[in-house]
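The values are calculated or read from the model by the stated rules, or taken from the named source; none is laboratory data. The shown structure was predicted, so the numbers you read here are calculated from the model rather than taken from an experiment. Heads up, the Cβs are rebuilt from the backbone with ideal geometry, glycines too, and the neighbour counts pull from every protein chain shown.
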Protein chains: 2
Amino acid sequence: MSDLEFLFHPRSIAIVGTPSDPGDMSGGSAFLHALTRSGYEGDIWPVNPKASEIMGLKSHPDLMSLPQAPDYVICCLPASLTAQFIRDCGAKGVKAVCMFTAGFSEATEEGRKLEEELVGLARQGGVRLIGPNCMGIYCPGTGLSYYSESSKEAGGVGFVCQSGGNSSHLVLMGGDRGIRFSKVISYGNAADLNEADFLEYLTQDVETEIIVVYIEGVRDGRRFLKALAAAAKAKLVIMVKGGRTEAGTRAASSHTGALASSKERWDALCRQTGAVQVSTLEEVVDLIEAALYMKPPKGRRVGIVGWGGGASVTSTDACEAAGLVIPSFSGELRQELRRLSSGPGSSVGNPVDSPVVTDPSLLSKAMRIVANSNEVDLLLMHMPFAVPSAADSEWRRLHRETVIGTSRSLDIPIAMVQPHGATPESSAIFSVLQQRCIEAGIPTYSTATQAAGAISRFIQYHMWRSRE
Amino acid sequence: MSDLEFLFHPRSIAIVGTPSDPGDMSGGSAFLHALTRSGYEGDIWPVNPKASEIMGLKSHPDLMSLPQAPDYVICCLPASLTAQFIRDCGAKGVKAVCMFTAGFSEATEEGRKLEEELVGLARQGGVRLIGPNCMGIYCPGTGLSYYSESSKEAGGVGFVCQSGGNSSHLVLMGGDRGIRFSKVISYGNAADLNEADFLEYLTQDVETEIIVVYIEGVRDGRRFLKALAAAAKAKLVIMVKGGRTEAGTRAASSHTGALASSKERWDALCRQTGAVQVSTLEEVVDLIEAALYMKPPKGRRVGIVGWGGGASVTSTDACEAAGLVIPSFSGELRQELRRLSSGPGSSVGNPVDSPVVTDPSLLSKAMRIVANSNEVDLLLMHMPFAVPSAADSEWRRLHRETVIGTSRSLDIPIAMVQPHGATPESSAIFSVLQQRCIEAGIPTYSTATQAAGAISRFIQYHMWRSRE
């Protein structure tokens, strides 16, 4: 197993090929912006043959003239200069290079040969390569970053991602939903260090609780299978395969030079190892939210409590379509619920859609009755809190806090569906609700489909673990 | 065919069972709030035996003491009083009743009998019933409304909806994305007027271009099949079946007393008639957006142009999974694209992911080259415009206007994917972008999965129509 710890704690970083014009937002400048914004406290050394200062930092003409060997070097040079650059790294004593430069095995046969040559030169010089054609490492704990929008706060999610853009997208989307990352590695063409190396690293990394993998193609299938099995045994591993379709595979090949592997083989790989496969980055975020904030349900039986008959029906359909079970409540349980309210519009058979839901004290009682019944393993609440009528804000607050307060005394986990509109106003209401719910350990989703998918996969993972 | 035009143009509305306390937000008050907010200009007559004025409007003690027969009566009385109420309606000369009251066939056997009795009484008295257990009609053209958040603007989407809550949810969600409605009917238990009546009405209604149907169960299968076939022949019909699963069917039964029908039968019904079936209200909005704003593509071949290799791969996967085709570009077309930029990171085979995308003038050229190639039937653009970095706002504007400006001169339609975060800031950026794109006839989606699903269904519909 490679010990890659040294990659994540650089005391100095050189950006070779930083444009001298800070307005030029191509590679080198973007890295420089990200590092200065992320609060990186080590030395940053821009390297540019023609500038003496870039963005207030002393610039050096070349790698060799740096005061010492930087711990991490980001290479933004044209591909034609990279062979000499790697030789220089070896001579200077550089141990870690993130090669942003593209135009290698993903592009042409000539590029493939150059990539092979770089790996050979790196091995000779004792240099480890991330990439080429990648963004490298985001590690908020040490301020290492390649994306200026990424959070400075560290958290428990590690991400091995073959695509730089997708890595930033997950960090951004997840960040908006309270998800923080331990280490994110965008590794591109994987010429030297590859998906298995990083997966092995995150498996033993104590700062990482959940591992996400976005992968377009695997360099060494057997080693990857082994690494994935070990990772999934230790932690929740969420897998997105880029290039699941024929055209997608073609796109992946010209993106990172990824080799094709059939969807069926990939599905089998995940089933066999216990990695949880999802189709989109949005589904990744949904599942992380369940895993981070929710106690694992003991089974698949869901009690649905909410507001609105139509929403009850569509939530039920979404849950059952996702493989969850909505058991019909026993006569005793129905009777108990009916004692709270027997008025018209009362459905107490599961889903529970009843006037009680609009009365906070009855809502709290109904939640307790269902949760204590032993007839379900979790509660799914659907509440239309995010309606932008200002008149409703106190009503919203009261109901929200009732759900949160009640949830603390329940023995089973709860999740929330909060439909909302697309306007900033609706989103703002949803954001506040989601924030409060997340703090209280209640994962919160915009749609029942999202909630059901995430919860079902979360349960699938825990059932798999308990069988292991 | 029932001529239901009279339902949508009431010159006077009575709300029987309006609470005297305007803070009481149960049935009657909610209708009153909605009507006063919606700009309804006819007479509104609250009816309450104990009040002389409610919310500044003269209140009458009972239906019989109203100055004349109201054109539309909303009944919020307890179920036990409804038989006498219907008799009174007949005596007064009321032609249209929306019965909000619940507790009928959806609740108990006794309720089922009472519902039957009401229908008999209504027929005797010459009264047509919507419901019971429903919200009735939203018709912005005449200010008729039951939901205070609904838009005052009218548009081309008609909606026959068995659930009041789901109808409001679609109006709200759609409204946020520029979708306006002609007539929405929440019809509940369908004791008298049913889904077929309303579907027939919307089929011949000149104000309705697109028909959405949310249905939990059908009263008369044969008649509904005929109505659906005629509707789908005339207009795009989008169908959501509530209660597609076993538990969902049970929920539907206690929501609107809906009778079970198998998922397979329902799927066949849609295939046979050409109604486009989707699973969720979110998918309804996505499809409406394509249908309203986009010229119909001539086939399923998509050219993908965008920013980011990973996003190219995931967009391609999403399109192909949804049944779209991402053809590999011809050598000539690749050559033409490569002339714009042959630098590293250039993929020109479809998807097009290339440095050209970051340069507005090259982006415009690339769009034109792909659109004029005859190798694709539509363009799908994916651009990370909604990143909340303030420094990017001018860049965003420039790219957005480039895409919009270029789209006007293309012979094939285009659609846009704009990933964004969940914060109000991200949503605000997305909202502006979406608004501008929609105005320019470019449907805009948050994810490639949404875009691909909507576009594929839109094409499916047009292919079905052209075969008919």
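If residue B:283 meets every condition in (1) surrounded by 21 or more Cβ atoms within 10 Å (Cβ to Cβ); (2) within 24 Å of residue B:210 (Cβ to Cβ); (3) within 12 Å of another protein chain (Cβ to nearest Cβ) apart from one, which number is that one?
Looking at each condition in turn, residue B:283 falls short on (1).
Of the numbered conditions (1) of a type in the set (D, E, K, R); (2) over 17 Å from the mean Cα position of the chain (by Cα); (3) within 30 Å of residue A:195 (Cβ to Cβ), residue A:339 satisfies every one except a single condition; which is it?
(3)
Anything in region A:409-443 that is within 16 Å of residue A:303 (Cα to Cα) and either within 10 Å of chain B (Cβ to nearest Cβ) or buried (at least 18 other Cβ atoms within 10 Å of the Cβ) (or both)? List them, or say none.
Filtering region A:409-443 for residues within 16 Å of residue A:303 (Cα to Cα) gives A:410-417, A:442-443.
A:412, A:413, A:414, A:415, A:416, A:417, A:442, A:443, listed by residue number.
In region A:151-182, which residues are in contact (Cβ under 8 Å) with a residue 12 or more places away in the chain, within 13 Å of chain B (Cβ to nearest Cβ) and among the small types (Gly, Ala, Ser)?
Across region A:151-182, the qualifying residues are A:151, A:163, A:164, A:167, A:168, A:174, A:175, A:178.
For region B:191-209, which positions are among the hydrophobic types (A, V, I, L, M, F, W, C) and within 16 Å of residue B:162 (Cβ to Cβ)? Walk me through it before giving the result.
Narrowing region B:191-209 to residues among the hydrophobic types (A, V, I, L, M, F, W, C): B:191, B:193, B:196, B:198-199, B:202, B:206.
If the condition is that a residue be among the hydrophobic types (A, V, I, L, M, F, W, C) and within 16 Å of residue B:162 (Cβ to Cβ), then B:191, B:193, B:196, B:198, B:199, B:202 are the ones that fit.
With respect to the numbered conditions (1) closer than 23 Å to residue A:126 by Cα; (2) surrounded by 11 or more Cβ atoms within 10 Å (Cβ to Cβ), which one is the sole condition not fulfilled by residue A:67?
Unmet condition: (2).
Which one is nearest to residue A:375 (Cα to Cα), of the residues in region A:321-360 that are among the small types (Gly, Ala, Ser), away from every other protein chain (no Cβ under 11 Å) and in contact (Cβ under 8 Å) with a residue 12 or more places away in the chain?
Filtering region A:321-360 down to residues among the small types (Gly, Ala, Ser) leaves A:321-323, A:328, A:330-331, A:341-343, A:345-347, A:349, A:354.
Still in the running and away from every other protein chain (no Cβ under 11 Å): A:330-331, A:341.
Now narrow it down to the ones that are in contact (Cβ under 8 Å) with a residue 12 or more places away in the chain: A:330, A:341.
Values: A:330: 8, A:341: 20 Å.
Among residues in region A:321-360 that are among the small types (Gly, Ala, Ser), away from every other protein chain (no Cβ under 11 Å) and in contact (Cβ under 8 Å) with a residue 12 or more places away in the chain, the one nearest to residue A:375 (Cα to Cα) is A:330.
Do you know which of the residues in region B:100-143 that are acidic (Asp, Glu) and within 14 Å of another protein chain (Cβ to nearest Cβ) is surrounded by the fewest Cβ atoms within 10 Å (Cβ to Cβ)?
Within region B:100-143, the subset acidic (Asp, Glu) is B:106, B:109-110, B:115-117.
Restricting the remaining residues to those that are within 14 Å of another protein chain (Cβ to nearest Cβ) gives B:106, B:110, B:115.
Working: B:106: 25, B:110: 11, B:115: 26.
So the residue we want is B:110.
Taking residue A:202 as the residue in question, decide whether it is away from every other protein chain (no Cβ under 14 Å) and touching a residue at least 60 places away in the same chain (Cβ under 8 Å).
Working: away from every other protein chain (no Cβ under 14 Å): yes; touching a residue at least 60 places away in the same chain (Cβ under 8 Å): no.
No; evaluated as a whole, the condition is false for this residue.
Checking the condition in contact with a Pro (Cβ under 9 Å, 6 or more places away or on another chain) and within 25 Å of residue B:75 (Cβ to Cβ), which residue from B:191, B:196 passes?
Values: B:196 fails: in contact with a Pro (Cβ under 9 Å, 6 or more places away or on another chain).
Checking each option against the conditions leaves just B:191.
Can you tell which of A:267, A:220 is within 14 Å of chain B (Cβ to nearest Cβ) and either out of contact with any Pro (no Cβ under 9 Å at 6 or more places or on another chain) or farther than 21 Å from residue A:192 by Cα (or both)?
Numbers: A:220 fails: within 14 Å of chain B (Cβ to nearest Cβ).
None of the other options fit; the residue is A:267.
With (1) facing chain A (nearest Cβ under 10 Å); (2) among the hydrophobic types (A, V, I, L, M, F, W, C); (3) out of contact with any Ser or Thr (no Cβ under 6 Å at 6 or more places or on another chain) as the list, and residue B:275 as the residue in question, which single condition is left unmet?
(1)
Residues B:292, B:337, B:333, B:287: which one is in contact with a Lys or Arg (Cβ under 6 Å, 6 or more places away or on another chain) and in a helix (DSSP H, G or I)?
Values: B:292 fails: in contact with a Lys or Arg (Cβ under 6 Å, 6 or more places away or on another chain); B:337 fails: in contact with a Lys or Arg (Cβ under 6 Å, 6 or more places away or on another chain); B:333 fails: in contact with a Lys or Arg (Cβ under 6 Å, 6 or more places away or on another chain).
The conditions single out B:287.
Of the numbered conditions (1) touching a residue at least 40 places away in the same chain (Cβ under 8 Å); (2) hydrophobic (A, V, I, L, M, F, W, C); (3) part of a helix (DSSP H, G or I), residue B:313 fails exactly one; give the number of that condition.
Unmet condition: (1).
Examine region A:230-250 for a residue that is among the charged types (D, E, K, R), within 14 Å of chain B (Cβ to nearest Cβ) and touching a residue at least 60 places away in the same chain (Cβ under 8 Å), and state whether such a residue exists. Can you show your working first?
From region A:230-250, those among the charged types (D, E, K, R) are A:233, A:235, A:241, A:244, A:246, A:250; that's our starting set.
This time we only want the ones that are within 14 Å of chain B (Cβ to nearest Cβ), so: A:241, A:244, A:246, A:250.
Next, only the ones that are touching a residue at least 60 places away in the same chain (Cβ under 8 Å) stay: none.
No, region A:230-250 contains no residue that is among the charged types (D, E, K, R), within 14 Å of chain B (Cβ to nearest Cβ) and touching a residue at least 60 places away in the same chain (Cβ under 8 Å).
Kindly list the number of the only condition in (1) free of Cβ contacts under 8 Å to residues at least 40 places away in the same chain; (2) within 24 Å of residue B:182 (Cβ to Cβ); (3) in a helix (DSSP H, G or I) that fails for residue B:84.
(2)
For region B:41-78, which residues satisfy the criterion of being within 24 Å of residue B:102 (Cβ to Cβ), assigned to a loop (DSSP other than H, G, I, E, B) and of a type in the set (Ser, Thr, Tyr)?
B:59
Collect the residues in region B:65-81 that are within 14 Å of residue B:135 (Cβ to Cβ) and within 14 Å of chain A (Cβ to nearest Cβ), keeping them in residue-number order.
Matches in region B:65-81: B:75, B:76.
Does residue A:325 satisfy the criteria of being at pLDDT 95 or above and in the same structural domain as residue A:225 (by TED's automatic domain parsing)?
Numbers: at pLDDT 95 or above: yes; in the same structural domain as residue A:225 (by TED's automatic domain parsing): no.
No: the conditions fail for residue A:325.
Can you list residue pairs whose Cβ atoms sit under 8 Å apart, with the first residue in region A:110-139 being at pLDDT 95 or above and the second being part of a strand (DSSP E or B) and surrounded by fewer than 24 Cβ atoms within 10 Å (Cβ to Cβ)? Count only pairs 6 or more apart in sequence or on different chains.
Here the result reads A:122/A:128; A:127/A:96; A:128/A:96; A:130/A:96; A:139/A:154; A:139/A:182, each pair linking region A:110-139 to a residue that is part of a strand (DSSP E or B) and surrounded by fewer than 24 Cβ atoms within 10 Å (Cβ to Cβ).
When you scan region A:251-264, how many residues do you find that are more than 13 Å from every other protein chain (Cβ to nearest Cβ) and touching a strand residue (DSSP E or B) at 6+ places or on another chain (Cβ under 7 Å)? Reasoning before the result, please.
Within region A:251-264, the first condition is being more than 13 Å from every other protein chain (Cβ to nearest Cβ), and the residues that meet it are A:259, A:261-262, A:264.
In the following step, the residues that additionally are touching a strand residue (DSSP E or B) at 6+ places or on another chain (Cβ under 7 Å) were identified as none.
Residues meeting the conditions: 0.
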